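The values are calculated or read from the model by the stated rules, or taken from the named source; none is laboratory data. In this text, all values refer to a predicted model and were calculated from it rather than measured experimentally. Heads up, the Cβs are rebuilt from the backbone with ideal geometry, glycines too, and the neighbour counts pull from every protein chain shown.
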Amino acid sequence: MKNRLRHRACLKTWHAALCWITAMKWALLLSCLPVGETISAGAIEPARPPMKPTIERVLFGKTTDGTEVHLFTLRNSNGAIAKIMTYGAIVTELHVADRHGRSTNVVLGADTFEAYQKGFPASAAVIGRFANRIARARFTLDGVEYLLAANNGPNHIHGGRSGFAQKVWNGEALPLQAREAAIRLTCFSPDGEEGYPGNLRASVTYTLTDEQELRLDYEATTDKPTVVNLTNHAYFNLAGSGDPLDHILWLDADRYTPSDDQLIPTGEIASVKDTPLDFTQPTAIGARIERLKPRPGGYDHNYVLNRTGTGLVLFARVTDPKSGRILEALTTEPGVQLYTGNHLQPFTGAGGAAYGRQGGFCLETQHYPDSPNKPQFPSVVLRAGQPFKSTTVFKFSAK
């Protein structure tokens, strides 16, 4: 009997101690809340294990000839998400947090593959073999003239009618690392495709890091002399909807390549000083855009980056005053095309986001337009045994 009484007494003591500890936890929690704010009992959850980078792959659709198109979803440990499909190596969504920790998609894209088949107007595709324009759709290399597809009036643009943006790439997930997730996409362009010489094998590796970076590593090889200029045509909107003309842009570029009325460079390199192209001091993208109308209707200009050497350098910083999101861009390329989506009209994108006219801006890292016909520009010639490599990084933060 005495043992039973002792046991009951111990239970009462332990129960009282447990109640006291629980009450102290609640008191400490409530003391941290703003005045008048409450918290429900269900709001207290056990500690969750830390997130780790992940990769998922699903069937996204099929082309008209039945080729399967897959969608990769990359997640980092901080909740950022990048969705990339094998058609055009297109980034369909890129979710990052604002100053309050709320995540939204900052790349113009669509929810379905059907939307891209019907001509989605703002694809974040890989462009090749040659990004931007080549005058009169022709160039001469080693004494041989090559005629390309004329798909921009008399000129050639973005690799032709069936460039890399229209190819279904082969995709594979790379082994997960502690602080990053990556996929590699590869494609083959046979000799003579769109008029280009050489069998070209190209790849792009997308890496989403825990430093909130989306890194793009391009590589290519050829079996005979050719020209190569690869980029990604992503349209960014750090607010996630509307237009980005109030975004503040800084560009580390004192010079640009003037062009004619067909946006073919004249061959000169000029100063941006005292022009609407000067972003050497942080300025709203739309602050002077009216001075560029009616033609080209906004920004569609190649900037000569202030850089030395061939390493990765910071060249741009874009800030959205409303959300606090910041995009920093780094590249190994000598130039960047600033494009303000001058052809875009109001439309609805992924997740029902509504975009206005000029609803996104592009920072297309590249060699200069029409470089094959401008020997004074940095060379874009690729020869057998000399692999092409290029890297661009888009890094996100908020404050």
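On the given criteria, is residue 277 in a loop (DSSP other than H, G, I, E, B) and closer than 16 Å to residue 132 by Cβ? Considered against the rule, which asks whether it is in a loop (DSSP other than H, G, I, E, B) and closer than 16 Å to residue 132 by Cβ, residue 277 comes out as no. Filter region 51-96 down to the residues that are of a type in the set (D, E, K, R) and more than 14 Å from residue 166 (Cα to Cα), then identify the one that is modelled with the lowest pLDDT. Of everything passing the filter in region 51-96, 52 is modelled with the lowest pLDDT. Report yes if residue 257 is of a type in the set (Ser, Thr, Tyr) and surrounded by fewer than 19 Cβ atoms within 10 Å (Cβ to Cβ), otherwise no. Spelling it out, it is not the case that residue 257 is of a type in the set (Ser, Thr, Tyr) and surrounded by fewer than 19 Cβ atoms within 10 Å (Cβ to Cβ). Look at residue 114 and say whether it is out of contact with any Asp or Glu (no Cβ under 7 Å at 6 or more places or on another chain), surrounded by fewer than 23 Cβ atoms within 10 Å (Cβ to Cβ), without any contact (Cβ under 8 Å) to a residue 12 or more places away in the chain and among the acidic types (Asp, Glu). No, not satisfied. Determine, yes or no, whether residue 340 is crowded, with 16+ Cβ neighbours inside 10 Å and in contact with a helix residue (DSSP H, G or I) (Cβ under 9 Å, 6 or more places away or on another chain). Criteria met by residue 340.
Taking the conditions exactly as written (surrounded by 17 or more Cβ atoms within 10 Å (Cβ to Cβ), out of contact with any helix residue (DSSP H, G or I) (no Cβ under 6 Å at 6 or more places or on another chain) and either under 30 Å from residue 51 (Cβ atoms) or small (Gly, Ala, Ser) (or both)), does residue 237 satisfy them or not? When the stated conditions are applied, residue 237 passes them. Testing residue 151 on (1) in contact (Cβ under 8 Å) with a residue 60 or more places away in the chain; (2) surrounded by fewer than 19 Cβ atoms within 10 Å (Cβ to Cβ), one condition comes back false. Which one is that? For residue 151, the failing item is (1). Cβ-Cβ contacts under 7 Å between residues 6 or more apart (or on different chains), taken from a first residue in region 244-264 that is touching a residue at least 12 places away in the same chain (Cβ under 8 Å) to a second residue that is in a strand (DSSP E or B) and among the basic types (Lys, Arg), are listed as 250/317; 263/133; 264/133.
Could you tell me which residue of region 345-391 is surrounded by the fewest Cβ atoms within 10 Å (Cβ to Cβ), considering only residues that are more than 23 Å from residue 134 (Cα to Cα) and within 18 Å of the chain's Cα centre (by Cα)? Within region 345-391, the match that is surrounded by the fewest Cβ atoms within 10 Å (Cβ to Cβ) is 351.
Here residue 228 meets the list (1) in contact with a Leu (Cβ under 8 Å, 6 or more places away or on another chain); (2) surrounded by fewer than 23 Cβ atoms within 10 Å (Cβ to Cβ); (3) more than 17 Å from residue 124 (Cα to Cα) almost entirely, failing just condition (2). The single condition among (1) out of contact with any strand residue (DSSP E or B) (no Cβ under 9 Å at 6 or more places or on another chain); (2) at pLDDT 95 or above; (3) not β-branched (Val, Ile, Thr) that residue 357 does not meet is (2). In summary, strands (runs of 3 or more DSSP E) completely within region 40-158 and bearing 3 or more residues that are under 25 Å from residue 230 (Cβ atoms) and not charged (D, E, K, R) occur at 54-62, 68-75, 81-85, 91-97, 138-141, 144-147.
Name every residue in region 63-98 that is basic (Lys, Arg) and touching a Pro at 6+ places or on another chain (Cβ under 8 Å), in order of residue number. Reasoning before the result, please.
If we filter region 63-98 for residues that are basic (Lys, Arg), which is where we start, we get 75, 83.
Residue satisfying the conditions is 75 alone.
For (1) touching a Gly at 6+ places or on another chain (Cβ under 6 Å); (2) under 21 Å from residue 379 (Cβ atoms); (3) modelled with pLDDT of 95 or more, each residue gets a yes or a no:
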residue: 260; (1), (2), (3): no, no, yes
residue: 266; (1), (2), (3): no, yes, yes
residue: 273; (1), (2), (3): no, no, yes
residue: 276; (1), (2), (3): no, no, yes
residue: 282; (1), (2), (3): no, no, yes
residue: 295; (1), (2), (3): no, no, no
residue: 300; (1), (2), (3): no, no, yes
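Check whether at least one residue in region 167-175 is under 21 Å from the mean Cα position of the chain (by Cα), modelled with pLDDT of 95 or more, among the aliphatic types (A, V, I, L, M) and surrounded by fewer than 17 Cβ atoms within 10 Å (Cβ to Cβ), and report yes or no. Yes; the residues of region 167-175 include at least one that is under 21 Å from the mean Cα position of the chain (by Cα), modelled with pLDDT of 95 or more, among the aliphatic types (A, V, I, L, M) and surrounded by fewer than 17 Cβ atoms within 10 Å (Cβ to Cβ).
Based on this model, can you work out whether residue 139 counts as more than 18 Å from residue 232 (Cβ to Cβ), more than 18 Å from the chain's Cα centre (by Cα) and hydrophobic (A, V, I, L, M, F, W, C)? For residue 139, the condition - more than 18 Å from residue 232 (Cβ to Cβ), more than 18 Å from the chain's Cα centre (by Cα) and hydrophobic (A, V, I, L, M, F, W, C) - is met. Of everything listed in (1) in contact (Cβ under 8 Å) with a residue 24 or more places away in the chain; (2) within 20 Å of residue 368 (Cα to Cα), the single unmet condition for residue 311 is (1). Condition check for residue 172 on (1) touching an Asp or Glu at 6+ places or on another chain (Cβ under 9 Å); (2) part of a strand (DSSP E or B): one failure, at (1). Could you list, in sequence order, the residues of region 285-314 that are within 24 Å of residue 246 (Cβ to Cβ), under 22 Å from the mean Cα position of the chain (by Cα) and assigned to a loop (DSSP other than H, G, I, E, B)? Matches in region 285-314: 285, 286, 298, 299.
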